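The values are calculated or read from the model by the stated rules, or taken from the named source; none is laboratory data. Since the model is a prediction, treat every value here as computed from it, not as a measurement. Every residue, glycine among them, receives a Cβ derived from its backbone with ideal geometry; neighbour counts consider all protein chains shown. Protein only, heavy atoms only, side chains kept; ligands, DNA and RNA dropped before computing areas. Shrake-Rupley method; radii C 1.70, N 1.55, O 1.52, S 1.80 Å.
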Amino acid sequence: MELEMASMAAAIGVSIPVLRFLLCFVATIPASFLWRLVPGTLAKHLYAGLSGAALSYLSFGFSSNLHFLIPMAAGYASMLLCRRYCGIFTFFAGFGYLIGCHVYYMSGDAWKEGGIDATGALMVLTLKVISCAINYSDGLLREEGLREAQKKNRILHCPSIIEYFGYCLCCGSHFAGPVYEMKDYLDWTERKGMWARSKDRPSPSPYVATLRALIQAAICMAIYLYLVPQYPLSRFNEPIYYEWGFWKRLHYQYMSGFTARWKYYFIWSISEASIITSGLGFSGWSDSSPPTPQWERAKNVDILGVELATSAVQLPLMWNIQVSTWLRYYVYERLIQKGKKPGFLQLLATQTVSAIWHGLYPGYIIFFVQSALMIAGSRVIYRWQQAVSPSNAIFRKMLTLINFAYTLLVLNYSCIGFQVLSMKETLASYQSVYFVGTIVPIVFTLLGYIIKPARSVRPNKAQKSQ
């Protein structure tokens, strides 16, 4: 068996631990489908939790479930003992334990060198445990004055230990997400809300959407395997890279970031297929005739939306969508004081939390600080664009093109830090292109204070997204 694993791993160019993870990760799809066949609500909760624990054991070993148990137990105990403060306690306890695991396992170096451990799954689990505790704490608050997300997700009654167990490890969904809410999980399991069955509301078929996600996963993996030998990350440490001219180095940075993204597109396509086939990914019916089922709850990435984004502000809505939503609900919006508008500090704090969630490597922190600068600069360009009269279509399109080029430049420059991780390599790669991806956002942000266009009338949706 070990020889077969070794030969298979060598054939696709990965280590045996990574191959074991990939096999278990793909197995979440049939595991999620079998959930549909389990009779009874209690049995469904037990199956969801036990199947997730079994896949974790097969993928990462017995210690992984012990690591998962600690934040799960801390979160549930705080919900039982101190409901009013369980959200804030779980937030700091969950992140504290996650940081400790990041430091102990040095997970970023392991992932960079082709290894794998349970900290990736622990990252997803931590967000689920924190959101559950915060929403239970929100259940004590009066509905008046709550944001829409708080009203929708707050939990009035403490879930049972079996419900909590099923929610946390559901069919291996903690491997790579997407993150979802306890209330949605309970409604899905108990066939309530949009999952309720009736003659007028048939159960949505997941098969076409699951097949589409699997085809997308296969294409993403093929593109990644084709590109990665041509644009290895090690090139940034080779003398030949520094012998190239400015434009060739900048092009290589773009292609390095472009190549790395296809790995994430593959992972998220598999997780999307898993959540869709279980039915949990269902988000309602379209307005078309006949109506078709929508699966936005399972979606973690919009590939074309990322690669063709005309504004950096759009990226959190297209990349790691459910984690971005979590950060907006549980960090960004909760830092905004009533009666005041959000500013750069709220954005920077949110990006800092995201960086810490990924790990304490300098490359992560630099990347997310860069992301805050990138979004701030893109907002300035967008405001200029909206201030231009619609009759001046050519100038508006020019500003749109500038914002697109700006996003392309700064995103792929910034993400080198996310890949190489170390301070020395990150700064060396940035310096090789004269810190252009740092200077440009700062210049645009400062220009925004000098060139202040008149406010234009915009649709509400556009205002919220910006």
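For (1) of a type in the set (Phe, Trp, Tyr); (2) under 30 Å from residue 38 (Cα atoms); (3) surrounded by 22 or more Cβ atoms within 10 Å (Cβ to Cβ); (4) touching a residue at least 40 places away in the same chain (Cβ under 8 Å), each residue gets a yes or a no:
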| site | (1), (2), (3), (4) |
| --- | --- |
| 143 | no, no, no, no |
| 146 | no, no, no, no |
| 149 | no, no, no, yes |
| 169 | no, yes, yes, yes |
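Starting from segment 290-314, keep only residues that are without any contact (Cβ under 8 Å) to a residue 24 or more places away in the chain, then list their pairs with residues that are surrounded by fewer than 19 Cβ atoms within 10 Å (Cβ to Cβ) and part of a loop (DSSP other than H, G, I, E, B) whose Cβ atoms are within a distance under 7 Å, requiring at least 6 positions of separation or different chains.
Once the first residue is without any contact (Cβ under 8 Å) to a residue 24 or more places away in the chain and sits in segment 290-314, its partners that are surrounded by fewer than 19 Cβ atoms within 10 Å (Cβ to Cβ) and part of a loop (DSSP other than H, G, I, E, B) give 292/286; 294/283; 294/286; 296/283.
Considering only residues that are among the acidic types (Asp, Glu) and open to solvent by 60 Å² or more (accessible area, probe 1.4 Å), which ones fall in segment 282-320? Show your work before the answer.
As a first pass, look at segment 282-320 and keep what is among the acidic types (Asp, Glu): 287, 296, 302, 307.
Passing the criteria: 287, 296.
So the check is Cβ under 9 Å with 6+ separation or different chains; which pairs have a first residue in segment 222-244 that's within 27 Å of residue 270 (Cβ to Cβ) and a second one that's part of a loop (DSSP other than H, G, I, E, B) and modelled with pLDDT under 90?
Close Cβ pairs satisfying both conditions: 225/13; 228/13; 229/13.
Out of all the residues in segment 352-359, is one or more surrounded by fewer than 21 Cβ atoms within 10 Å (Cβ to Cβ) and over 19 Å from the mean Cα position of the chain (by Cα)?
No: zero hits.
State the number of residues belonging to segment 23-46 that are within 14 Å of residue 168 (Cβ to Cβ) and open to solvent by 50 Å² or more (accessible area, probe 1.4 Å).
Quick first cut of segment 23-46, residues within 14 Å of residue 168 (Cβ to Cβ) only: 45-46.
Filter again for open to solvent by 50 Å² or more (accessible area, probe 1.4 Å), leaving 46.
Total meeting the criteria: 1.
Considering only segment 145-185, state which residues are touching a Cys at 6+ places or on another chain (Cβ under 9 Å) and either among the aliphatic types (A, V, I, L, M) or assigned to a loop (DSSP other than H, G, I, E, B) (or both).
Passing the criteria: 155, 159, 174, 175, 180, 181, 182.
Find the residue count for segment 421-466, including only residues that are outside any helix (DSSP H, G or I) and at pLDDT 95 or above. Reasoning before the result, please.
Kept after step one, since they are outside any helix (DSSP H, G or I), are these residues of segment 421-466: 421-422, 432-435, 451-459, 466.
Restricting the remaining residues to those that are at pLDDT 95 or above gives 432-435.
Looking only at that region, the number is 4.
Please go through (1) open to solvent by 20 Å² or more (accessible area, probe 1.4 Å); (2) at pLDDT below 95 for residue 177 and return the number of the only condition it doesn't satisfy.
(1)
Since residue 240 meets every condition but one in (1) in a helix (DSSP H, G or I); (2) buried (at least 16 other Cβ atoms within 10 Å of the Cβ), which condition does it not meet?
Result: residue 240 passes all but (2).
Which ones in segment 121-140 are farther than 17 Å from residue 327 by Cα, surrounded by 13 or more Cβ atoms within 10 Å (Cβ to Cβ) and out of contact with any Gly (no Cβ under 8 Å at 6 or more places or on another chain)?
Passing the criteria: 121, 139.
Given the criterion part of a helix (DSSP H, G or I), closer than 13 Å to residue 131 by Cα, open to solvent by less than 20 Å² (accessible area, probe 1.4 Å) and without any contact (Cβ under 8 Å) to a residue 40 or more places away in the chain, identify the matching residue among 94, 75.
From the options 94, 75, the qualifying one is 94.
Looking only at segment 340-377, filter to residues that are part of a loop (DSSP other than H, G, I, E, B) and small (Gly, Ala, Ser); which one of those is modelled with the highest pLDDT?
For segment 340-377, the residue satisfying everything is 359.
Return only the number of the condition from (1) within 27 Å of residue 181 (Cβ to Cβ); (2) exposed (fewer than 15 other Cβ atoms within 10 Å of the Cβ) that residue 343 does not satisfy.
Answer for residue 343: the failing condition is (1).
Residue 230: over 25 Å from the mean Cα position of the chain (by Cα) and open to solvent by 10 Å² or more (accessible area, probe 1.4 Å), yes or no? Full working, then the answer.
On the way: over 25 Å from the mean Cα position of the chain (by Cα): yes; open to solvent by 10 Å² or more (accessible area, probe 1.4 Å): yes.
Taking the combined requirement at face value, the residue satisfies it.
Could you tell me whether residue 108 is crowded, with 17+ Cβ neighbours inside 10 Å and modelled with pLDDT of 95 or more? Show your work before the answer.
On the way: crowded, with 17+ Cβ neighbours inside 10 Å: yes; modelled with pLDDT of 95 or more: no.
When the stated conditions are applied, residue 108 does not pass them.
Within segment 274-298, which residues are assigned to a loop (DSSP other than H, G, I, E, B) and of a type in the set (A, V, I, L, M)? Spell out how you get there, then give the answer.
Step one: filter segment 274-298 for residues assigned to a loop (DSSP other than H, G, I, E, B), giving 279-283, 286-292, 295.
Matches in segment 274-298: 280 only.
Being at pLDDT 95 or above and part of a helix (DSSP H, G or I): is that true of residue 411 here?
On the way: at pLDDT 95 or above: yes; part of a helix (DSSP H, G or I): yes.
Yes.
What's the number of the only condition in (1) modelled with pLDDT of 80 or more; (2) over 22 Å from residue 225 (Cβ atoms) that residue 1 fails to meet?
(1)
Answer yes or no as to whether residue 365 is among the aliphatic types (A, V, I, L, M), closer than 30 Å to residue 102 by Cα and open to solvent by 60 Å² or more (accessible area, probe 1.4 Å). I'd like the intermediate steps shown before the answer.
Details: among the aliphatic types (A, V, I, L, M): yes; closer than 30 Å to residue 102 by Cα: yes; open to solvent by 60 Å² or more (accessible area, probe 1.4 Å): yes.
Spelling it out, residue 365 is indeed among the aliphatic types (A, V, I, L, M), closer than 30 Å to residue 102 by Cα and open to solvent by 60 Å² or more (accessible area, probe 1.4 Å).
Considering only segment 81-92, I want to know if a residue exists there that is touching a His at 6+ places or on another chain (Cβ under 7 Å) and of a type in the set (A, V, I, L, M). Even if it seems obvious, please write down each step before you answer.
In the first step, residues of segment 81-92 are kept if they are touching a His at 6+ places or on another chain (Cβ under 7 Å); the result is none.
No, segment 81-92 contains no residue that is touching a His at 6+ places or on another chain (Cβ under 7 Å) and of a type in the set (A, V, I, L, M).
Restricting attention to segment 186-195, does a residue exist that is free of Cβ contacts under 8 Å to residues at least 24 places away in the same chain, open to solvent by 50 Å² or more (accessible area, probe 1.4 Å) and not in a helix (DSSP H, G or I)? So that I can check it myself, show each step before the final result.
Going residue by residue through segment 186-195, those that are free of Cβ contacts under 8 Å to residues at least 24 places away in the same chain are 187, 191-193.
From what's left, open to solvent by 50 Å² or more (accessible area, probe 1.4 Å): 191-192.
Then drop every residue that is not not in a helix (DSSP H, G or I), which leaves 191-192.
Scanning segment 186-195 turns up at least one residue that is free of Cβ contacts under 8 Å to residues at least 24 places away in the same chain, open to solvent by 50 Å² or more (accessible area, probe 1.4 Å) and not in a helix (DSSP H, G or I).
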